[in-house]
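Read the structure below first, then the notes.
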Amino acid sequence: MENLILYCFMAMAFIVMPGADFTLIMKTTLTNGRKAGQLTACGIAAGLIFHTAAAVLGLSAIVAKSAYLFDIVKYIGAAYLFYLGITSLRATDTQQSYDAADTDKTVTDDDHWGNFMQGVLANILNPKTVIFYLTFLPQFVVQSKSVMPQLIILGVILVILSLTWFAFLAYALGHIRKYFDNPIFKSRIQKITGLLLISFGLKLALDKK
């Protein structure tokens, strides 16, 4: 592989660009705490692992070349973002108060799993990530060498950078959260992020391949 440093910079630019993943981390962390946000970050990284495996196995190429399959994934992904947005808009204003001894609210194993899975699903059901893998990664693959190991390495780097960024974002937002720990602020965050998620879902549904 060549230009690995350039790849890392370009991959990081793609990751930090505000979008549905950024909004999801912000919503989860500011309303449910740092730990919830970091679990969602892990879910997003797990979604990228899925996309890496799919790209290596050639499944991404099949989806990208099939307008029918692409549209199925696109509309399911858009529907899921709509669901997250509507759920956020309908969320109750009552939240647990911030505990100075513990910045995260007490949650159950089901809550942990739910936070993780919303990150996984939001990432897996985004067909634009498939296109990214098929148009961006090949530019850094040396065709004269074995392609599969190179795709794996590039995919792993993307996963690590993504996990690092979103985990840090959740950590930073977790500290900010304590200064705005009141029902009115959390209600407004739920509404704002809910509308953003719905807008991202609408954009995804209307986007052309």
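The values are calculated or read from the model by the stated rules, or taken from the named source; none is laboratory data. As the structure is a prediction and not an experimental result, all values here were calculated from the model. In this analysis, Cβ positions are derived from the backbone assuming ideal geometry, glycine residues included, and neighbour counts consider all displayed protein chains.
A compact table of results
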quantity	calculated
Residues of segment 29-69 satisfying the condition of being at pLDDT below 90 and among the hydrophobic types (A, V, I, L, M, F, W, C)	Leu30, Ala54, Ala55, Val56, Leu57, Leu59, Ala61, Ile62, Val63, Ala64, Ala67, Leu69
Residue identified as out of contact with any Leu (no Cβ under 9 Å at 6 or more places or on another chain), assigned to a helix (DSSP H, G or I) and under 22 Å from Pro149 (Cβ atoms) among Ala61, Ala54, Ala11, Ala36	Ala54
Criterion (surrounded by fewer than 18 Cβ atoms within 10 Å (Cβ to Cβ), at pLDDT 95 or above and of a type in the set (A, V, I, L, M, F, W, C)) met by exactly one of Ile160, Ile184, Ile192, Ile152	Ile160
Matching entry among Gly85, Gly77, Gly119 (being outside any loop (DSSP other than H, G, I, E, B), buried (at least 18 other Cβ atoms within 10 Å of the Cβ) and modelled with pLDDT under 80)	Gly77
Of residues in segment 45-74 being within 14 Å of Asn126 (Cβ to Cβ) and among the charged types (D, E, K, R), the one surrounded by the fewest Cβ atoms within 10 Å (Cβ to Cβ)	Asp71
Yes/no for Ile198 being among the aliphatic types (A, V, I, L, M) and modelled with pLDDT of 90 or more	no
Scan of segment 7-31 for residues that are of a type outside the set (A, V, I, L, M, F, W, C) and buried (at least 23 other Cβ atoms within 10 Å of the Cβ), ordered by number	Asp21, Thr23, Lys27, Thr28, Thr29
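Residue-wise test of (1) closer than 16 Å to Tyr133 by Cα; (2) not aliphatic (A, V, I, L, M).
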{"site": "Asn3", "(1), (2)": "no, yes"}
{"site": "Met10", "(1), (2)": "yes, no"}
{"site": "Ala20", "(1), (2)": "no, no"}
{"site": "Leu24", "(1), (2)": "no, no"}
{"site": "Lys27", "(1), (2)": "no, yes"}
{"site": "Asn32", "(1), (2)": "no, yes"}
{"site": "Val56", "(1), (2)": "yes, no"}
{"site": "Ala61", "(1), (2)": "yes, no"}
